[in-house]
Amino acid sequence: MFVLATLVFFLAAIPAVLLIPAESYLSLTATMGSVALILLALFVWQYRADSCAQLRGNAISKPLRVGALGIIGAYALCGVAIAALGLPQEAFMAEFLAGLTGWQLAIKVASLIVLPPIAEELFFRHYLLRLFPYENSAAWKWIAIIVTSAIFAGIHIQYGNWTTVALLFACGCVLAIARINSGGLLVPILLHSLAEIVALTTDGAFRLLGLYS
């Protein structure tokens with residue numbers, strides 16, 4: 001299933017890439033939407049007897065609260081580092097929402113908050129994470145968390161600042177821990193959506209306040 005999920009994650013967006021220009025505001029919706037829908041269908045097919053229970057897990061409230069604090073704390077520390085070191089805004093973020101109308105902005109932001117969390121949590125915190133026998137020991141648990149988080153950070157090649165890479169790794173760790181502690185994917189998906197919201201809000205605030213170099 002991991003091999004199939006990997007093929008979906010890396011290849012399912014190709015038709016959308018060929019049909020929709022990368023600079024279009026619909027590019028993210030089409031590419032990540034394709035991946036999210038197919039991976040979700042794969043997950044439902046794999047756990048067709050109890051897919052809702054597998055998605056929900058066995059604990060929501062505490063992992064969600066602790067995870068939210070972890071995500072917000074990671075972004076706060078990253079913001080302090082950026083301000084203290086005088087780092088520039090990520091070029092990707094500077095261009096991400098540039099030149100969009102109101103409706104285009106709403107569609108792109110909504111797509112960012114919904115689609116990557118579903119697609120990436122299914123791949124990284126389910127299919128990739130479950131390659132490791134993290135239930136067997138604490139050592140395997142931390143190996144799974146660290147390795148999957150490093151791959152998660154490394155695959156986001158659109159970012160250039162080392163602080164952003166460190167932030168992605170930290171968020172990956174929070175999401176992996178939330179996945180393990182909650183026993184499902186709902187909590188990490190919600191936390192990933194929160195991370196996207198905090199990222200957009202923080203970037204906009206830093207830009208308005210002139211905190212980027």
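Numbers for the structure displayed
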{"item": "With 5 Å bins from 0: P(r) over region 128-213, alpha-carbon pairs, percent", "result": "3, 14, 20, 23, 17, 11, 7, 4, 2, 0"}
{"item": "L77-Q89 pseudo-label distance in nm [points 7 Å out on the Cα-to-Cβ vector]", "result": "2.6 nm"}
{"item": "Shape box of region 63-118 [Cα atoms, principal axes, largest first, Å]", "result": "34, 32, 16"}
{"item": "Per residue solvent-accessible surface (Å²) - region 29-142, probe of 1.4 Å", "result": "53 Å²"}
{"item": "Computed lengthening from W162 to A98, 0.36 nm per intervening residue step minus Cα-Cα distance", "result": "20.7 nm"}
{"item": "Area accessible to solvent at W140, 1.4 Å probe radius, in Å²", "result": "100 Å²"}
{"item": "Region 2-156, accessible surface, carbon-and-sulfur percent (1.4 angstrom probe)", "result": "73 percent"}
{"item": "Linear extension gain, L200 paired with A41, 0.36 nm per residue minus alpha-carbon span", "result": "54.4 nm"}
{"item": "Mean separation of Cα contacts under 8 Å (6+ apart) over length of region 1-154, as relative contact order %", "result": "31 percent"}
{"item": "Label corresponding to Kirkwood radius over Cα pairs in Å when calculated from the structure given, among (i) 19.4; (ii) 17.2; (iii) 17.9", "result": "(iii)"}
{"item": "Charge dipole (debye, nearest 20) of the chain; +1 at Cβ of Lys and Arg, -1 at Cβ of Asp and Glu", "result": "500 debye"}
{"item": "Charge dipole magnitude, Cβ of K and R +1, D and E -1 - region 99-213, Cα centre, debye nearest 20", "result": "60 debye"}
{"item": "Nearest-10 value in Å² for the accessible area of Y75, using the 1.4 Å probe", "result": "40 Å²"}
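The values are calculated or read from the model by the stated rules, or taken from the named source; none is laboratory data. Keep in mind that this is a model prediction, so the values were computed, not measured. Don't worry about glycine lacking a Cβ; one is built from the backbone with ideal geometry, like all the others, and counts go over all protein chains shown. Please note that ligands, DNA and RNA were not included when accessible areas were found on the heavy atoms of the full protein model with its side chains. Shrake-Rupley method; radii C 1.70, N 1.55, O 1.52, S 1.80 Å.
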